Amino acid sequence: MSVDTKWTYDENYVREYSQKRGEPEWLTEQRLTAIRLADELELPKPEKTNIKTWNFTEFKHDSGEAAPIQSVDDLHEDVQALIDRSTEEQNLIVFRDGKPIYRTESDHLKEQGVLFLDIETAAREHSDLLKKYFMGSAVEVDEHRLTALHVALLNGGTFIYVPKNVTVEAPLQTIYWQEDPEAGLFNHVIVAAEDNSQVTYLENYASFNREQSAVANIISEVYTGQNAKVSYGGVDHFEKGVTTYVNRRGYVEKDGYLEWALGQMNEGNTVSDNTTVLQGDGSHADTKAVSIGREDQSQNFWTNIVHYGKHSTGHILTHGVMKDKASSIFNGVTKIKHGATKADGQQTERVLMLSERARGDANPILLIDEDDVTAGHAASVGRVDPMQMFYMMSRGITRTEAERLIIHGFLAPVVNELPIQAVKERLTEVIERKVY
Amino acid sequence: MAGSTLKIEGLHVEIDGSEIIKGLDLEINGGEIHAIMGPNGTGKSTLASAIMGHPRYEITQGSVHLDGKDVLEMEVDERAHAGMFLAMQYPSEISGVTNSDFMRSAINSNRGEGDEISLMKFIRKMDSKMDELEIDQSFSQRYLNEGFSGGEKKRNEILQLLMLEPRIAILDEIDSGLDIDALKVVSKGINSMKSPDFGCLIITHYQRLLNYITPDKVHVMMQGRIVKSGGAELAQRLEEEGYDWIKEELGIEDEKVGEQA
């Protein structure tokens, strides 16, 4: 298969699909513009990773209607494992192949005026509000073919809106489960946190079928208002056949705080773009991402923080474990724009190599256009430290167990940040399975 | 069961092709506390690390046996299982692994599958040993040695000693960087281990640790060998007179050895 494959989804298809979902006109129009753009635009060109032969075109788009389920017990058991059953206040939406099939939210959330909805419902019931944020300042439809395709074929996602001065105590959780092994997912998440609000969001992407090929094309937009705080956790674990493009963007206003904790555990080829724009003075971003590459997987991770605001601070921590013949490129970019005086940008990229045949590149990049700033970076690619191994083994811990502890410790910065115990445990299990 | 015996015979150790230990004999029995003293660069720490199986050191000749078993044939973790322990001069920092998880893994590795320590019992033991060493309770949830001060690292080594209860312990400069109060606490911890089942080799520059822990035997190391042995009074004399009299007695001009010289 090649990129020249004639696109099977055209304007007619997109219009019909949009109308079938009862979408407002502005969204139909955006989809139509996007499908035209998709024809003209090129694929993104992530440095040092050739994605031209990757499957971005073969998938099933519309999985049809999905019957809602009544109880968590009716879910796939691996999906159930992601849910904290004991929690008093549960805010959860479970999607199957893009369609919401289970939803629960606390009364408290409603009373606060918080919206926590699948994007299809949001488009019908809160069209104006959605329009305000959808493909807003964080991301452009015409960045490349994949952003255009995303908008044209959008078939799942979540809209979260937190009004001014509202603090959402319990985390909002979503699970995007791909059951149909050929289904493509074009998932769009919006977290809009108005001034002085606080919210914690945690998402899981999961599929359990190893071989068949499919596509995931994901965009998240996070708008952090003045003095607002958003904690965004994500655990991606698509199986081998799924080619993933995932783009998580944040936009932070004055004194706002956005923190990311991303466990990027896909088994298939993946391009990831995580960009945070620190627009306002005193805004702050803290990005932590961990990943494991195995078998013949190829992955490319971009983590960017762009400083416009004075006194803005941005921290990036990326840890990757590479085994077998896997190949990953980790690019960390700190961009400080002219006028962002007293900005502070720090980043660390570390890659732990478990195999001679694996490849891992850590590229810290500082692009600074302002004198009065502080910035720093640290990067390393290496094997497990023999002195650490000696130390642990000298206490009686076996070689395998010592290595296991070191790897879990290496990935702990993200695991520890996740707000839901069940997801934490599940990620720990995934790490365990992937490494051994 | 009576104490163990660690027997070192004719040991030669190289690092990166340069010989540091040049024929060393030493026997440590359960119930005995030995001290190895000597100026910097005479091979003391090399001896400690080599016995435990440090990856950088190569043993070219000689043997080390624990109760008749060939230690040099064992993997590092097997040496620990056999009852050996090394308190390190520069313990590694391991991010993301809590002191408590590390300790529990270590104890369970030594006990073996099916005989794991219960969580309650573990917590009680760790709490009481931390109290003994005047270590704050928050210690157990901190990452292993990460961001620890020099003194905290040393205390942590002794905490591990008390938790793991080895049969033969080697303490490599456990006193360096400790203030007098910390030195007392650490010494108290080591003294609490004293029993016929516990043999100990203390490596130190200074006599001051030996004010709190009375050694049965004191050895002086120079040029990669033990050049003089005696009782506790030898340490006392070294404190008062330094090492020059030994060098004179033995006709040694430069006591240092190998690349550390």
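The values are calculated or read from the model by the stated rules, or taken from the named source; none is laboratory data. The structure presented is a predicted model; accordingly, all values stated were derived computationally and were not measured. All Cβ positions, even for glycine, are placed from backbone atoms using ideal geometry, and neighbour counts span all protein chains on display.
Here is how the numbers come out for the structure above:
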| item | result |
| --- | --- |
| Region B:70-86, subset aliphatic (A, V, I, L, M) and outside any loop (DSSP other than H, G, I, E, B), residue farthest from the other protein chains (Cβ to nearest Cβ) | B:72 |
| Subset of region A:268-327 (residues that are of a type in the set (S, T, N, Q), surrounded by 22 or more Cβ atoms within 10 Å (Cβ to Cβ) and in contact with a Lys or Arg (Cβ under 6 Å, 6 or more places away or on another chain)) | A:274 |
| Residues of region B:168-188 that turn out to be surrounded by fewer than 21 Cβ atoms within 10 Å (Cβ to Cβ) and within 14 Å of chain A (Cβ to nearest Cβ), as a count | 0 |
| Positions within region A:384-415 being more than 8 Å from chain B (Cβ to nearest Cβ) and either of a type in the set (Val, Ile, Thr) or under 19 Å from the mean Cα position of the chain (by Cα) (or both), in sequence order | A:384, A:400, A:407, A:414, A:415 |
| Considering residues of region B:25-63 that are surrounded by 23 or more Cβ atoms within 10 Å (Cβ to Cβ), part of a strand (DSSP E or B) and touching a helix residue (DSSP H, G or I) at 6+ places or on another chain (Cβ under 9 Å) only, the residue farthest from the other protein chains (Cβ to nearest Cβ) | B:37 |
| Elements of type strands (runs of 3 or more DSSP E) in region A:323-378, at least 3 residues being of a type in the set (S, T, N, Q) | A:327-336, A:344-353 |
| Sole exception among (1) away from chain A (no Cβ under 12 Å); (2) surrounded by fewer than 19 Cβ atoms within 10 Å (Cβ to Cβ) for residue B:101, by number | (1) |
| Selection count where residues are touching a Phe, Trp or Tyr at 6+ places or on another chain (Cβ under 8 Å) and either free of Cβ contacts under 8 Å to residues at least 24 places away in the same chain or not hydrophobic (A, V, I, L, M, F, W, C) (or both), scope region A:45-62 | 4 |
| Test for residue A:249: is it part of a strand (DSSP E or B) and surrounded by fewer than 24 Cβ atoms within 10 Å (Cβ to Cβ) | yes |
| Long-range neighbours under 9 Å by Cβ, at least six apart or interchain, first residue under 17 Å from residue A:409 (Cα atoms) and in a loop (DSSP other than H, G, I, E, B) within region B:87-115, second among the β-branched types (Val, Ile, Thr) and modelled with pLDDT of 95 or more | none |
| Wholly enclosed strands (runs of 3 or more DSSP E) of region A:93-186 bearing at least 1 residues over 28 Å from residue A:210 (Cα atoms) and of a type in the set (Ser, Thr, Tyr) | A:99-104, A:156-162 |
| In region B:51-67, the residues that are small (Gly, Ala, Ser) and either in contact (Cβ under 8 Å) with a residue 40 or more places away in the chain or farther than 15 Å from residue B:168 by Cα (or both) | B:62, B:63 |
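Yes/no matrix, rows are residues, columns are (1) over 28 Å from residue A:296 (Cβ atoms); (2) of a type in the set (Asp, Glu):
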position	(1), (2)
A:336	yes, no
A:347	yes, no
A:352	no, no
A:357	no, no
A:365	no, no
A:379	no, no
A:417	yes, yes
A:428	no, no
A:434	no, no
